[in-house]
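Student: Let me begin by handing over the structure; questions about it come next.
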Amino acid sequence: MSGTPTVVNDVMTRRVVALRTGAAFKEIVRTMRAWQVGALPVLDASGGVLGIVSEADLLAKEAYGEGDIGRYGQARRSADLRTAEAVTAGDLMSSPALTVPSGTSLAHAARVMARNRVKRLPVVADDGALLGIVSRSDLLKVFLRADDDIAADVRREAVLRLFGAHAGTVSVSVREGVVRLGGRVDEPALIPLAVRLARSVPGVVNVECALTGPPRRPDLDPDLPDAGDDARNAPEPPAGRGGRGR
C-alpha cells in the first residue's frame, strides 16, 4: 500500500517546539501562544522526552491562585496544589510522558489517546529521542483518502487475498469511506474474515457485507423411499387364469 498512511510516522508533525526543564511559566505560555499548541514536550539534556506541559497544567495556577480553594483543599487535590505553586516546566509537567514509537499503527495510537484521554502523543525513536508529535487531527487525516483508493486496497488486501481466482465473483464499492461487499463466494466461512480485513484498510469508516455462499441445492425428502426400493418391495401379483398350468 505505497503512499497509504498506516503508522504515526506517516502523519505526525515533525517540526516540534519543546521545552527544557528550567523553562519559566511565562515563557511556556508565550511559546504555546506563538506556536498555537495546547501542550509542549519537556526534554532532558540528551533530547529524551521527560514529560508534557499542557494548558491544563498551566490553568491550575489560575484555578487555585486566589487562596480560597474551598473543597479543592482536600488531600486528594494536593497534586493540583503543587502544580499551582510550580513556576518551571520541570515542576509543571506531567511525568513520565506517554509516548509512542514512530512505527505505531494509527489504530493503536488512537486507542492510546482514547484510553488515556489525551489529545496528542510525542513520537520517539528507539533511544527515546523526540521525533515528532501526533495529534487527534493527524490521525483523522487517513479518512480523507479517496474512495477509489480505498476500494483498490480492499480488493487487494481482502478479496484477492482470501478468494484468489474466484475474486471476480465479489464486488467492492466504496462511498464516503463506507465499503460494501457483494456477490457469492464458495467458502462462506471466510466471509467474517473478509469483513475484518476490509475494515482494517486505512480510511475505511464501516463495512456493509452482502456476501453469500453458493446457492443451496434442494435436499431430497429423507422420508420418501427411492424408486429402486419401491420396485423391490412391491408385492407379487396374484396368479391369474392365464398363468402356466401344471
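Read-outs throughout are calculated quantities, based only on the coordinates presented, and are distinct from any laboratory measurement. Not measured: the values here are computed from a predicted model. Glycine gets a Cβ as well: all are built from the backbone with ideal geometry, and neighbour counts include every protein chain shown.
Student: Taking 0.36 nm per residue of sequence separation and subtracting the Cα-Cα distance, how much length would be gained by fully extending the chain between GLN36 and SER200, in nm to one decimal?
Tutor: On the way: separation 164, 0.36 × 164 = 59.04 nm, distance 3.31 nm.
My answer for the length gained is 55.7 nm.
Student: Counting only residues 5 or more places away or on other chains, whose amide H sits under 5 Å from the amide H of GLY132 once H atoms are built in the peptide plane?
Tutor: Amide H neighbours of GLY132: VAL123.
Student: What's the exposure ranking of SER200, SER135, SER173, going from fewest to most Cβ atoms within 10 Å? Before the final figure, lay out each step's value.
Tutor: Values: SER200 16, SER135 19, SER173 13.
The fewest-first ordering by Cβ neighbours comes to SER173, SER200, SER135.
Student: Here is a further query. Cross-link candidates for LYS141: which lysines have Cα within less than 19 Å, leaving aside residues fewer than 8 places away along the same chain?
Tutor: LYS119
Student: Something else now. Roughly what % antiparallel, to the nearest 5, for the DSSP beta bridges in region 145-212? Can you show the working numbers first?
Tutor: Numbers: 6 of 13 bridges.
Counting only bridges with both partners in region 145-212, antiparallel ones make up about 45 percent.
Student: Quick one: ASP57, ASP44, fewest Cβ neighbours within 10 Å first, how do they rank?
Tutor: ASP44, ASP57
Student: Taking neighbour Cβ counts within 10 Å as the exposure measure, how do GLU62, GLU208 sort from fewest upward?
Tutor: Working: GLU62 9, GLU208 13.
So the ranking, lowest neighbour count to highest, is GLU62, GLU208.
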